[in-house]
Amino acid sequence: MNRYINEQIRSFLEEDDMIAALANVSACINMNYDRLNWAGFYLVRKDELVLGPFQGKTACTRIPFDKGVCGKCYRDMETQLVDDVLSFPGHIACDSASRSELCVPVIAGGKVIAEIDLDSPFPSRFTEDEKTEMEKAAADIAAAYEQKGWIIE
Ligand code: SME
């Protein structure tokens, strides 16, 4: 468990511009967590998930709410910790090397407004402690979104 990752993320969320803040948050996660092949955001636009700031290889730009790990995270409004993406029905392989995934909803005003999505080429890469850290980060992002009047639509 990285004791300081949430403090670092909070410092990047002091920035008023949402894209600038989330770009540094994605870089911060990528620098603190080892064995990742993708770390970033999907933003909830009108009726689908749209790619946001990220670190890693090019990725799917749009994900329907009824597809993939990210779609399930949106529908259930709950973190998805997937130890083996190959056995997750409907998993979307943006990178065929991906083996495990952690997807955390950012919930503001009772709605999912974005998701933090992390991929690893190693099965069972993500721990319960990291799930807790990313859920704290999601709560901090939701607070910044509300305080700063960020708009995602
Ligand atoms: N694997 C995700 C798609 C996003 S990429 O991993 C960046 C999914 O199944 O929803």
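The values are calculated or read from the model by the stated rules, or taken from the named source; none is laboratory data. Predicted model only: the values in this text are computed from it and were never measured. Glycine gets a Cβ as well: all are built from the backbone with ideal geometry, and neighbour counts include every protein chain shown. Quick note on the areas: whole protein, heavy atoms, side chains included, nothing else; ligands and nucleic acids left out. Shrake-Rupley method; radii C 1.70, N 1.55, O 1.52, S 1.80 Å.
Couple of notes before you dig in:
- Checking each residue in region 93-137 for being open to solvent by 60 Å² or more (accessible area, probe 1.4 Å) and either assigned to a strand (DSSP E or B) or in contact with a Gly (Cβ under 8 Å, 6 or more places away or on another chain) (or both) picks out Ile107, Lys111.
- Matching residues, region 22-47, being within 14 Å of the ligand (Cβ to nearest atom), among the hydrophobic types (A, V, I, L, M, F, W, C) and under 18 Å from Ala108 (Cα atoms): Phe41, Leu43, Val44
- Test for Asp140: is it farther than 28 Å from Glu15 by Cα and open to solvent by 10 Å² or more (accessible area, probe 1.4 Å): no
- No other residue among Val85, Val104, Val50 is touching a Lys or Arg at 6+ places or on another chain (Cβ under 8 Å) and near the ligand (Cβ under 8 Å from one of its atoms) apart from Val85.
- Residue that is modelled with the lowest pLDDT [pool: residues in region 1-59 that are open to solvent by 50 Å² or more (accessible area, probe 1.4 Å) and aromatic (Phe, Trp, Tyr)]: Tyr4
- The set of residues in region 82-92 being touching a residue at least 12 places away in the same chain (Cβ under 8 Å) and open to solvent by 10 Å² or more (accessible area, probe 1.4 Å) consists of Val82, Asp83, Asp84, Leu86, Phe88, Gly90, His91, Ile92.
- Search result, residues across region 67-82 that are part of a loop (DSSP other than H, G, I, E, B) and away from the ligand (no atom under 11 Å from the Cβ): Met77, Glu78, Thr79
- Residues in region 60-70 that are under 13 Å from the mean Cα position of the chain (by Cα) and under 22 Å from Cys28 (Cα atoms): 1 in all.
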